[in-house]
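Peer 1: Starting off with a structure, shown below.
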Amino acid sequence: MEPSAGSIAECVIGDGDKAITVGGEKTLPFHVFEGDMGNAPRIAFEVLDSAPEEWPEPLVKHYSDVFNDPAAWAQKCVKEFNAKAICLSLVSTDPNGANVSSADAAKVAQKVVEAVDVPIILWGCGNADKDTETLREVTGLVGTRKVALGPLTDANYRTLGATAMAFQYPVVASTPIDVNLAKQLNILLENLGVSLDHILMDPSIGAVGYGLEYTYSVMERIRLAALTQNDDKLSVPFIVNLGREVWKAKETKQPSDGMIGDQERRGVLMEAVTASSLLFAGGELMIMRHPKAVSMTEALIEGLM
């Protein structure tokens, strides 16, 4: 057994008693026989800011009663499913979709932030310009709550990084699945003035059957560089947005039949297997959708810590 030379930074999301801390490892994932695992990985439930159109029935049935009220949706996740954190996906702002204005999306986000007392991650639509506009609008409304902002990319990290620093928000640094690009964005953010303990890395993952192996190998290389080579620019926790990747796979949408089994069980297992695999790659904050997949993953984490 060789002790690790490096360690993973701790990142705090949220305020007060409900705040969560991720990271802090001094050893590889769940190698508790070799060193300190730091803080247990956490799971955030994903909430959309508009009713989803392409979710399969096994997922829809758990949330359809609150689809048109994101604040009620977030409350349901907390009260019924014991969510420890919420990730609000601002999908309505996508210029290639509904293209809802930043001002309107920000008002919805404010209602969600005010409706629950657990930590909240605000996740933009993926269009750098629109995300910059929307997330800056939101911060003007929820300035006192320590939300996390993402995704920050090489196209908008300066503006959103400056906004995050002003409010001391953690940020999600998002890059295509690549070690060097992940390191480069962390360096750019640090040069801007964002502390490494305010950064979560989003490595852009693939679900089981859809690039999981490549995702795993890149995350593993990042984590090995941080721990064995003491590369502090990669020594930040991973945030893994896996629910959306799993539930857009065609296997989750195919109906139950004798050959491939029950549709809901299939989707739940795909999400749980993806989550468990990426936990072993170093995932610290997992964004998931199905309550049963979440409870299975939480049971696994508890059993391994």
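Bear in mind that the values in this text are calculations on the coordinates, not laboratory data. If you're wondering where the values come from, they're calculated on a predicted model, not measured in any experiment. Here the Cβ positions follow ideal geometry from the backbone for every residue, glycine too, while neighbour counts run over all protein chains shown.
Peer 1: Would you mind ranking D69, D36, D257 so that the residue whose beta carbon has the fewest other beta carbons within 10 Å leads the list? Working shown, then result.
Peer 2: Values: D69 16, D36 13, D257 9.
Least crowded to most crowded, the residues run D257, D36, D69.
Peer 1: Also: May I have the extent of the alpha carbons of the stretch 75-170 along their three principal axes, as whole Å values ordered from largest to smallest?
Peer 2: Principal extents (Cα only, largest first): 38, 31, 20 Å.
Peer 1: Moving on to the next point. Using amide H atoms built 1.01 Å from N in the peptide plane, name the residues 5+ places from I199, or on other chains, whose amide H lies under 5 Å from its own.
Peer 2: Excluding prolines and chain starts, which carry no amide H, the hits are V171.
Peer 1: So, one more: List the residues whose amide H sits under 5 Å from the amide H of R42, counting only those 5 or more places along or on another chain, with H placed 1.01 Å from N in the peptide plane.
Peer 2: L285, M286
Peer 1: Separate question: By count of other Cβ within 10 Å, fewest leading, how are H198, H31, H62 ordered? Before the final figure, lay out the partial values.
Peer 2: Numbers: H198 22, H31 15, H62 18.
Lowest count first: H31, H62, H198.
Peer 1: Which residues make up the longest stretch of the chain clear of GluC sites (Glu not before Pro) that lie in a DSSP loop with no more than 14 other Cβ atoms within 10 Å, not counting the sites?
Peer 2: The longest such stretch corresponds to 81-305.
Peer 1: Pick from N127, N230, N96: which is most flexible by mean-square fluctuation in a GNM of the chain where alpha carbon atoms under 10 Å apart are linked?
Peer 2: Maximum fluctuation in the GNM of the chain, among the listed residues, is at N96.
Peer 1: By DSSP, what percent of the beta bridges with both residues in the chain are antiparallel, rounded to the nearest 5?
Peer 2: 15 percent
Peer 1: For A249, which sequence-distant residues (separation of 5 or more, or a different chain) have an amide H within less than 5 Å of its own amide H, given hydrogens modelled in the peptide plane?
Peer 2: Amide H neighbours of A249, under 5 Å, 5+ apart: none.
Peer 1: From the helices alone, meaning DSSP H stretches of at least four residues, give me the mean residue ellipticity at 222 nm for the chain, per-run term -39500 (n - 2.57), in deg cm²/dmol to the nearest 500.
Peer 2: -12500 deg cm²/dmol
Peer 1: Next question. Working out 0.36 nm times the residue gap between M305 and F67, then minus their Cα-Cα distance, what length gain in nm do you get to one decimal?
Peer 2: The M305-F67 span can extend by a further 82.2 nm.
Peer 1: Still on this structure: Using a cut-off of under 14 Å, list every residue of the stretch 194-208 whose amide N is near the label point 7 Å from the Cα of K250 along the Cα-to-beta-carbon line.
Peer 2: none
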